[in-house]
Amino acid sequence: MAVQFRLFPGLNRLTWRQLFLACVLLSGLLMYLLRLRQPASIRAAFWSNRASEQGPSHSHTPSHTSWGAPLVWGGSEASQRQRVEFSQRSFRVGLMVLAVGRYVHYLSRFLQSAEQHFLTGTPVNYYILTDNPNKLVPPPELGEGRDLRVVPVTEIPGWEHLARRRMDLLASTIDNQAQQEVDYVFCADVDQEFLNPVGTEILGKLVASLHPEYYDVPVPNLPYERSSESRACVLDEEGDHYYTSELYGGLCSEVLALTKVCSQLILQDRAMGVEAQRLEESYLNRYLVDKRPTRVLSPEYSWWDSPVAPKVPQKRVVSLGRQCASLRSHGKSSMFC
């Protein structure tokens, strides 16, 4: 005989089995309601993380952000369609890096891997902003339609000083040279390596790369600059995703506007004795909150070995510098570091 009990006078008697089923149904309803309360960007990030373990063809992989910008996975059908579309167009792309001080030693590896994987078959200008032009004498051997532009800059000692000046140097080079020579320009950290094909699926009006360590982090926990004294400040109710400064780009006019605004914000903060905690990356994210990117690259295009980085179908661009920093923070090392 089933055990029965009475909760309150006047209520029907329930069996233990009925009570258990009622609790299960109530728990499921609560979980569903909580999921609906999450912002769309968080729900998309959750499904992106789940799907990345199985590849971009998985049905849960999002194809767009919450504001309609394509979310780029290199192996997706959408990326293949864009590659076919751009194969019918005539255009030229600039790839711009700052190689100064100790960062010069990454330059050869960066260029070799870019020649192998970055927009192969596409006309490309490499813009190398460096305080050591002799490192490019003799110039590296490049493929057909690939050209090297060496832009001498004064020595910038220290990573912090480099981060403060880079936006200004990029803006100046785009304004004075690149926009007369190329249609699109991408700004990249030189301490990176291209491991797999990066094609015309990345091209768009304004392009940003998701930061792999904050890929599925809720928006309130993203490492935006929160100090109200800084021009990079992002309020609690703002933001969608957190982007890395390792790789971003787009049409020359769009990237010129981005670098000019970020440079101005940095200068305004410095005049007041203020500096964002994550330096130029904080200002980049402030800009992209105000002007959302029209194309967002998945962590395939900016990845490094970190306990919190998501699994991706292909590691297309890897940050050697950030990977070394991540390994050191966990008491590890590698031959390259």
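Placing pseudo-labels 7 Å out from each Cα toward the beta carbon at Arg270 and Asp290 gives an inter-label distance of 1.9 nm.
Between Gln277 and Arg89, residue separation times 0.36 nm minus the direct Cα-Cα distance comes to 63.5 nm. Extension gain for the segment Glu77 to Asp147, taken as residue separation times 0.36 nm less the Cα-Cα distance, is 22.1 nm to one decimal. Evaluated over the Cα positions of the stretch 74-158, the convex hull gives a direction-averaged projected area, one quarter of its surface, of 6.7 nm². Is the shape of the stretch 71-329 best called rounded, prolate or oblate, per the rule: a/c under 1.5 gives rounded, else a/b larger than b/c gives prolate, else oblate, with a ≥ b ≥ c the square roots of the Cα gyration tensor eigenvalues? Rounded, since a/c falls under 1.5. When the Kirkwood radius is taken over all Cα pairs of the stretch 136-218, what Stokes-Einstein diffusion coefficient follows at 20 °C and 1.002 mPa s, in µm²/s? Calculated translational D: 133 µm²/s.
Spin-label model, Glu155 to Asn176: label points 7 Å out along the Cα-to-beta-carbon direction sit 2.1 nm apart. The stretch 215-286 and the stretch 97-131 have their alpha-carbon centroids 25 Å apart.
Spacing of the modelled spin labels on Lys311 and Leu235, each 7 Å from Cα toward Cβ, amounts to 4.1 nm. A protection proxy built from the mean count of other Cβ atoms within 10 Å ranks the segments 175-181, 261-267, 298-304, most packed first, as 298-304, 261-267, 175-181.
Read-outs: derived from the displayed coordinates by stated rules, not from any lab. None of the values given here were measured: they were computed from a predicted structure. Note that each Cβ is placed from the backbone with ideal geometry, even for glycine, and that neighbours are counted across all protein chains shown.
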